[in-house]
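Q: Have a look at the structure that comes next, please.
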Amino acid sequence: MAAAAWIYPGPPADDAQQVYRARGRRGWPSLRVQYFLLSSEGVLQRMDEDEYGTNGYSPANAADVRAHARAAWITVAGEHTGAAAMLAPTPEGRQRAAQALAAIRDLVVACDFDGAELDIEGAWQFSADEFAAYVRWSAALADALHAAGRRLIVTVPPSRPRHWTNAAFGDAHPCDYVTVMAYDYQYDCPGRAIAPFHFVRRVVGWLREDLGPAAADRKLVVGLPAYSYSCRDLAPAQLEAGEPADVKVLTYAQALRDGAGGDPQAIAAAPADPESGERVLRRNGRVFFVSTAASLDAKRRVAEEAGARRFCVWHLGGGNPWFTRDAALAPDVA
C-alpha cells in the first residue's frame, strides 16, 4: 500500500506541520500541499503563508514539507467555473492558461517537489467543449512538468457525469496519476456516512473500468476521508420534504468537542455505522459521523479488494486519524 495526505492552509488543521514533523526527516511517504487557488475569474493565485496562514506557501514552508516527505506535490484547487474561465477560447483565456501552466511548473521546480495535482471541484458541470479544453490543457501541463523531470496528478469526480469521461485520462493522456475522491457522500445523502463501503467499492470499480486495467494499475489513487461531519438530526420524512440538513465538515478535534463533549471515550463507545465503520453520535439536535483509524482501515480494505493500491487521505491535522497499519512507501507513491 502507498499512502499520501493532503494539507491545506490555515485553521482548523494548521497543526499539520506538527503531525508530519513527528516522523522526522523524510518520514512521511507523500504530502500534497495546497499552494494555488484558481479564482472564479480564471486567475491562478498563489496561496502565500502570510495571507492564508500556516501551511500556505513560503520558501520555508516548502523546504519543511520537502524535508519531511519522500514525495511532495503542489495542489492546484479551484471550481469548474474558474477552470472554464481560464480555458475560454479567447485571447485573454489563452493568456491566463499559459500563465497558469508556467506558474505551476515554475513553483514545482523552485520547491524541488515531485509534481503538481489538479483538483477542480464541480468538474462534472463542465460542458463538452470545456471538458475537451481541460483535457488538452492538463496534457500540456503534464508535458511541461515531464520536461522538467516532474509529474502530474489529475483528480476526477466520483461519478460518471454527462460531459466528463474518465477514460480521457487513461493511456492516451500523459498524466501520471488519477485520483478519485471516494467520499463526500453526505452531501447527497445527509444523515448517512461520509464514505459508505458500497460507494467506495463502486467508485474504484468505475475508475478501473473507465481507465482500463493496465492504466488503472499504473495511475489510480483513491482518496479516503479522515474528516468528520455533522448535520441536523432529521427524520427521513423531513429530509424528503426538503428541510435543510445544514451539513458541516469537521476535524476529529471539532467532532470530539461538539459531538462528544470533549470525551474520547464517548466516541470509542459510540455505535459504528454498519455502512462505513464511522462512529455515530447524537447531541444537541445534530448527528455526528466521526472517522477513526478503524474506519480508515476498513475503507482501505474495501478499496484494496476492488483493485486499489494507492491512497491519499483528506486531510492531515486537526486531530484527524491515520491508518493503524502504517503505509509503506511504494516506488511510485503519489
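Where a number appears in this text, it was derived from the coordinates with a stated rule and is not lab data. What you are looking at is a predicted structure, and each value in this text was computed from that prediction instead of being measured. Neighbour counts run over all protein chains shown; Cβ positions are idealised from the backbone, glycine included.
Q: Using only the Cα atoms of region 182-334, build the gyration tensor, take square roots of its eigenvalues as a ≥ b ≥ c, and label the shape rounded, prolate or oblate: rounded if a/c is under 1.5, else prolate if a/b is larger than b/c, else oblate.
A: The shape class here is oblate.
Q: Which residue, Asn166, Asn284, Asn55, tops the fluctuation ranking in a GNM of the chain built on C-alpha contacts under 10 Å?
A: Sorting by GNM fluctuation, first place goes to Asn284.
Q: Continuing with the same structure: Given contacts defined as C-alpha pairs under 8 Å and at least six residues apart, what's the relative contact order of the chain, whole-number percent?
A: Worked out over the chain, it gives 19 percent.
Q: Report the extension gain between Ala140 and Arg218 in nm, rounded to one decimal, defined as 0.36 nm multiplied by the number of residues separating them, less their alpha carbon distance.
A: This chain segment gains 26.1 nm when fully extended.
Q: For region 125-166, what does the alpha-carbon gyration tensor say about shape, rounded, prolate or oblate, given a ≥ b ≥ c as the root eigenvalues, a/c under 1.5 as rounded, and a/b over b/c as prolate?
A: It is oblate, given that a/c is not under 1.5 and a/b is not larger than b/c.
Q: So, one more: Among 304-311, 41-48, how do they line up from the highest to the lowest mean number of other beta-carbon atoms within 10 Å?
A: In decreasing order of mean packing, 304-311, 41-48 become 304-311, 41-48.
Q: While we're looking at this one, here's another question. Between Ala88 and Val109, what FRET efficiency follows from the Cβ-Cβ distance if R0 is 45 Å, with the result rounded to 0.05?
A: E between Ala88 and Val109, to the nearest 0.05, is 0.95.
Q: In region 69-84, which residues have a backbone nitrogen under 16 Å from the label point lying 7 Å from Gln45's Cα in the Cα-to-Cβ direction?
A: Residues 76-83 fall inside that zone.
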